[in-house]
Amino acid sequence: MYTRGERIGQITLVIVALVFAVAVGGFLFGRTGEGPSGSGAQASASGAAKPPDVTLVQDTCCTQAARFMKVSWTSSEKANAVKLTVTPDPGFPCDSTVDATGMKGVMSCQGLLRGSTDYTATLALVTQRGTFSYQQKFKTMGDKLANVLWFTEFEDPKGEPLACAAASVRIVQNYTTGKDGLTATQILQQGQALNKSKDPGIDPVAIASMQKKLDARNNYHYYRFETREEATKSAIYWLVRSGKPVHVVSLAGQHDPVLVGFTGAFGTYYDDPINAFTQVIVEDPQRGDTRPETANHRPDISRSAAFQTGQPVALTEWYGAEWWLGFAYASPIRMPDGSLLGIDRNDGAYPTPHWAKSFVILVDDGDADWPSDKEGRVKWH
């Protein structure tokens, strides 16, 4: 017979032995909850490996995304390889870069995605611990950007009509960032110091520079074209490629409506045979102002509230009317007092004529490394 104290001692020895056995078994046969899980990014609280922290950045995500997919990614863990899958299948190759560190890259496709379509881009990161997947879901823009808030150039109804481009800069700034930090008058005042010409308003350099100054993510540059037709087609291309409004310098270089859409079809690349359009859709900082007190500015030109939300303009009018692209950029221009003023670029950076005798648009070409005061350098056809 054992005393009560002896039985307690025996039980204690048994417990200690069991604990020792479990510890030895764990050492010999491997610990659970560590090492590669094989479960991708779907780590759970049960002990699966924690996936690397990955950040995906898509400038125009996610309900009116640009039809040219560009998604940058950064990872907290080195990727030895990456694989990109886009669904639905766009019909052309898509891939992701990975830099020398294995910690960042860019996902993109070789053509324009279909408009008004829900896509999922799945990035698979192959690391030393296993393969982990991350999804970016977005819907591409349709033929017209929605919710582009309009602003008038006539903040002072009795003021001179010099702030049309400044108001368009404000429109773009508000749409792309959701912020409205400066009025058109303030943009005009700051932008005039950035002009590379004698333009009494703000010229193409100042327009691009102010967009960049207001938000570094907006990489607008100006492009010149020999014909109004090529300028228009390129404006539509960049609208859908960037998912951002396009500045179109009109009225022989003296006005700046904003292209927000088109009527027709635009395929997967610039020279796609299915490309066809019959109208452009624009917001106009002057013609959208229907207040009686501003009607004395060009009373021969009609006004409509539709220019606040996007007014369709037939190509016959767009190509032929003085207000639109009836005339190329002109310099010099006749001032109200009868004098002539040269408004072409005159800082010596380019041979002259530069803007004069051409058709000029400003687009976000995504070229973040190129100065805003330079002519755009991206080639697309």
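Exactly one condition in (1) open to solvent by 30 Å² or more (accessible area, probe 1.4 Å); (2) at pLDDT 95 or above; (3) over 18 Å from Gly366 (Cα atoms); (4) of a type in the set (A, V, I, L, M, F, W, C) is false for Leu56; which is it?
Just one mismatch for Leu56, condition (3).
Considering only the range 111-121, how many residues are in contact with a Gly (Cβ under 6 Å, 6 or more places away or on another chain) and open to solvent by less than 50 Å² (accessible area, probe 1.4 Å)?
Qualifying residue count for the region: 1.
Sort through Ala124, Ala146 and tell me the only one that's among the small types (Gly, Ala, Ser), farther than 30 Å from Pro312 by Cβ and either surrounded by fewer than 19 Cβ atoms within 10 Å (Cβ to Cβ) or without any contact (Cβ under 8 Å) to a residue 60 or more places away in the chain (or both). Write out each step before concluding.
Details: Ala146 fails: farther than 30 Å from Pro312 by Cβ.
From the options Ala124, Ala146, the qualifying one is Ala124.
Using the structure shown, decide if Asn195 is of a type in the set (S, T, N, Q) and over 30 Å from Asp337 (Cα atoms).
Working: of a type in the set (S, T, N, Q): yes; over 30 Å from Asp337 (Cα atoms): no.
No.
Got at least one residue in the range 80-98 being assigned to a helix (DSSP H, G or I), open to solvent by less than 40 Å² (accessible area, probe 1.4 Å) and either out of contact with any Phe, Trp or Tyr (no Cβ under 8 Å at 6 or more places or on another chain) or modelled with pLDDT of 95 or more (or both)? Write out each step before concluding.
Residues of the range 80-98 that are assigned to a helix (DSSP H, G or I), as a first pass: none.
Scanning the range 80-98 turns up no residue that is assigned to a helix (DSSP H, G or I), open to solvent by less than 40 Å² (accessible area, probe 1.4 Å) and either out of contact with any Phe, Trp or Tyr (no Cβ under 8 Å at 6 or more places or on another chain) or modelled with pLDDT of 95 or more (or both).
Please indicate, with yes or no, whether at least one residue in the range 95-107 is of a type outside the set (Lys, Arg), at positive phi and touching a Lys or Arg at 6+ places or on another chain (Cβ under 6 Å).
Yes, the range 95-107 contains at least one residue that is of a type outside the set (Lys, Arg), at positive phi and touching a Lys or Arg at 6+ places or on another chain (Cβ under 6 Å).
Does the range 312-324 contain any residue that is open to solvent by 60 Å² or more (accessible area, probe 1.4 Å), part of a loop (DSSP other than H, G, I, E, B) and within 26 Å of Asp156 (Cβ to Cβ)? So that I can check it myself, show each step before the final result.
The first filter runs over the range 312-324 and keeps only residues open to solvent by 60 Å² or more (accessible area, probe 1.4 Å), leaving 316-317, 322.
The next check asks that each one be part of a loop (DSSP other than H, G, I, E, B); those that pass are 322.
Checking which are within 26 Å of Asp156 (Cβ to Cβ) leaves us with 322.
Scanning the range 312-324 turns up at least one residue that is open to solvent by 60 Å² or more (accessible area, probe 1.4 Å), part of a loop (DSSP other than H, G, I, E, B) and within 26 Å of Asp156 (Cβ to Cβ).
In the range 99-110, which residues are more than 18 Å from Pro52 (Cα to Cα), buried (at least 17 other Cβ atoms within 10 Å of the Cβ) and either free of Cβ contacts under 8 Å to residues at least 24 places away in the same chain or not hydrophobic (A, V, I, L, M, F, W, C) (or both)?
Taking the range 99-110 as the starting set, the residues that turn out to be more than 18 Å from Pro52 (Cα to Cα) are 108-110.
Narrowing further to those that are buried (at least 17 other Cβ atoms within 10 Å of the Cβ): 108-109.
Answer for the range 99-110, where residues must be more than 18 Å from Pro52 (Cα to Cα), buried (at least 17 other Cβ atoms within 10 Å of the Cβ) and either free of Cβ contacts under 8 Å to residues at least 24 places away in the same chain or not hydrophobic (A, V, I, L, M, F, W, C) (or both): just Ser108.
Give the range 275-299 a look and list any residue that's part of a loop (DSSP other than H, G, I, E, B), surrounded by fewer than 18 Cβ atoms within 10 Å (Cβ to Cβ) and either at pLDDT 95 or above or hydrophobic (A, V, I, L, M, F, W, C) (or both), or say none.
Asn275, Thr290, Arg291, Ala295
Need pairs with beta-carbon distance below 7 Å; first residue at pLDDT 95 or above and among the basic types (Lys, Arg) and within the range 231-243, second buried (at least 23 other Cβ atoms within 10 Å of the Cβ) and not in a helix (DSSP H, G or I); sequence gap 6+ or separate chains.
Arg241/Ala66; Arg241/Arg67
Of all residues in the range 127-143 being in contact with a Phe, Trp or Tyr (Cβ under 9 Å, 6 or more places away or on another chain) and open to solvent by 20 Å² or more (accessible area, probe 1.4 Å), which is farthest from Pro93 (Cα to Cα)? Can you show your working first?
The initial filter retains those residues of the range 127-143 that are in contact with a Phe, Trp or Tyr (Cβ under 9 Å, 6 or more places away or on another chain), namely 134, 136-140, 143.
So of that shortlist, the ones also open to solvent by 20 Å² or more (accessible area, probe 1.4 Å) come out as 134, 136-137, 139, 143.
Working: Tyr134: 19, Gln136: 17, Lys137: 18, Lys139: 19, Asp143: 23 Å.
Among those that are in contact with a Phe, Trp or Tyr (Cβ under 9 Å, 6 or more places away or on another chain) and open to solvent by 20 Å² or more (accessible area, probe 1.4 Å), it is Asp143.
Determine whether Ser168 is buried (at least 19 other Cβ atoms within 10 Å of the Cβ), small (Gly, Ala, Ser), assigned to a helix (DSSP H, G or I) and touching a residue at least 40 places away in the same chain (Cβ under 8 Å). Reasoning before the result, please.
On the way: buried (at least 19 other Cβ atoms within 10 Å of the Cβ): yes; small (Gly, Ala, Ser): yes; assigned to a helix (DSSP H, G or I): yes; touching a residue at least 40 places away in the same chain (Cβ under 8 Å): yes.
Criteria met by Ser168.
One residue is enough: does the range 338-349 have a residue meeting the conditions of a type in the set (Lys, Arg) and open to solvent by 30 Å² or more (accessible area, probe 1.4 Å)? Walk me through how you get there before you give the answer.
Restricting attention to the range 338-349, the residues satisfying the condition of being of a type in the set (Lys, Arg) are 345.
Checking which are open to solvent by 30 Å² or more (accessible area, probe 1.4 Å) leaves us with none.
Looking for residues that are of a type in the set (Lys, Arg) and open to solvent by 30 Å² or more (accessible area, probe 1.4 Å), one finds none in the range 338-349, hence no.
The values are calculated or read from the model by the stated rules, or taken from the named source; none is laboratory data. Just so it is clear, the structure is predicted and the values come from calculations on it, not from any experiment. Note: ideal-geometry Cβ built from the backbone for every residue, glycine included; neighbour counts use all protein chains shown. The accessibility values were calculated without ligands, DNA or RNA, using every heavy atom of the protein model including side chains. Shrake-Rupley method; radii C 1.70, N 1.55, O 1.52, S 1.80 Å.
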